């Protein structure tokens, strides 16, 4: 949809009626990754990887280069683009404050980055908008629902695999139980992650989930949760 709209803006309306071939710019697609999970320094994703039936050369293909811009990966592009480097540093600062459980982590991260000259001009002008973006850029309810569905699928798959390894009779029962337990744990991980992204502290999350601060802190450490 995106590339279609982009070409629609590039090609004059009258040119769409021409019989001859209309030259188009060659597209390149990039995604910059700075998420929580471990990711390769560079990786190519293909739309065809998601196709149900894979038979020969796909009629429609899209290749996207994913570049990991987390500071510890030291990707060369960060040395070539100062703005991108500072954005990476800003997000790392946000994540560090978030995982620490302090109050108002986004505002503290913005204040620190401004003082250090990291995206300083932009953050001074757009600080409140950045906070709102970090808090509201996703649909919370849909996100949680999808996380639950994925957790259930993962739990069932792990349960079946464990069952096969331990034998049909005993293994099937035990595998399913372990699968369900894994699903519940993944669901709680997703809930804790989203509450961290909302700026909540470990104490507040423990109250919301009716759990102990020790258990929540252990879960955050185990899964390396961060914004």
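Readers should treat all values here as calculations from the given coordinates under stated rules, not as data from a laboratory. Every value quoted in this text rests on a predicted model; they were computed, and no experiment measured them. Don't worry about glycine lacking a Cβ; one is built from the backbone with ideal geometry, like all the others, and counts go over all protein chains shown.
Simple spin-label estimate for residue 21 and residue 221 gives 6.2 nm between the two label positions (7 Å along the Cα-to-Cβ direction from each Cα). For the listed peptides 122-130, 18-26, a ranking on the average number of other beta carbons within 10 Å per residue, highest first, reads 122-130, 18-26. Computed over the stretch 72-136, relative contact order equals 25 percent, with contacts defined as Cα pairs under 8 Å that lie 6+ residues apart. In this simple spin-label model, placing a label point 7 Å from the Cα along the Cα-to-Cβ direction at both residue 81 and residue 54 gives a separation of 2.9 nm. Across the chain, Cα pairs under 8 Å and at least six residues apart give a relative contact order of 16 percent. Over the chain, DSSP H runs of length four or greater, each weighted -39,500 (n - 2.57), average out per residue to a 222 nm ellipticity of -19500 deg cm²/dmol. Once the C-beta distance of residue 133 and residue 161 is scaled by a Förster radius of 41 Å, the resulting FRET efficiency is 0.55 to the nearest 0.05. The computed Rg and Dmax of the Cα atoms in Å for the structure shown corresponds, within [x] 16.1, 48; [y] 17.3, 57; [z] 22.7, 70, to [z].
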